[in-house]
Every structure is written in C-alpha cells, then in structure tokens.
Amino acid sequence: MANYMKCIAGVGNVEMTDEEHAARVAEEKAWSDAAPVRAFSGLRQERDQKLQETDYFALSDVTMSDDMTAYRKALRDLPASYDNSSVVGTITWPSKP
C-alpha cells in the first residue's frame, strides 16, 4: 500500500486513510470530468454577451438587416453545433456584419 499524505494546518503532513484517499481520487475525477461542461458554460456566456451587444437591432423601431438577422441566428444556434466534449478551443464564431 502506498502512503498518501494530507496537510493539516498546525499539525503538518499526516497519512490519509484508504477511504480518504479514495474520496480524494473521486473528487479529482469529478472535477476533471466536468471540464467540458465548464467550457460549454463559458461558450454560452460569451454567446449571450455577443447577442446583448446587438440587441438594439431587435427593437421594434429598428429595421434589422438580413446579415444581422443571420448573425444573431448563428449565435443562437451556436451551442447546438457543439457537444460538451468538443467545446474547448474549437469555437468558430460567426462574423459580425
């Protein structure tokens, strides 16, 4: 059995029990497994910001161009173009007219 250590303030390093080590490994795996979900959330936040920047085009007293309509639709459809595992570093944003 390998010795796994944890640091306790005021005490120093102490050996982890097998249960503590298993719990720590499970926590690290859960964090790692959730990385794509966190990235997807970031995609949605950036997309929402880009939509907000063009919201004034959607006001009732403004005539929105076909290019702007297409741009906003592409932004709204963007999350459906990616799954959680393919988001990191692969986003191709539509060009703003």
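The values are calculated or read from the model by the stated rules, or taken from the named source; none is laboratory data. Quantities reported herein were computed from a predicted structural model and do not represent experimental measurements. Quick reminder, even Gly has a Cβ in these numbers, built from the backbone with ideal geometry, and neighbours come from all protein chains shown.
Give the residues of region 49-74 that are surrounded by 12 or more Cβ atoms within 10 Å (Cβ to Cβ) and under 23 Å from the mean Cα position of the chain (by Cα), sorted by residue number.
Lys50, Leu51, Thr54, Tyr71, Arg72, Ala74
For Ala35, all conditions in the list (1) farther than 30 Å from Asn3 by Cβ; (2) touching a residue at least 12 places away in the same chain (Cβ under 8 Å); (3) surrounded by 12 or more Cβ atoms within 10 Å (Cβ to Cβ) hold save one; what is the number of the exception?
(1)
Which of the residues belonging to region 28-58 are over 26 Å from Arg72 (Cβ atoms) and at pLDDT 90 or above?
Correct list: Glu28, Lys29, Ala30, Trp31.
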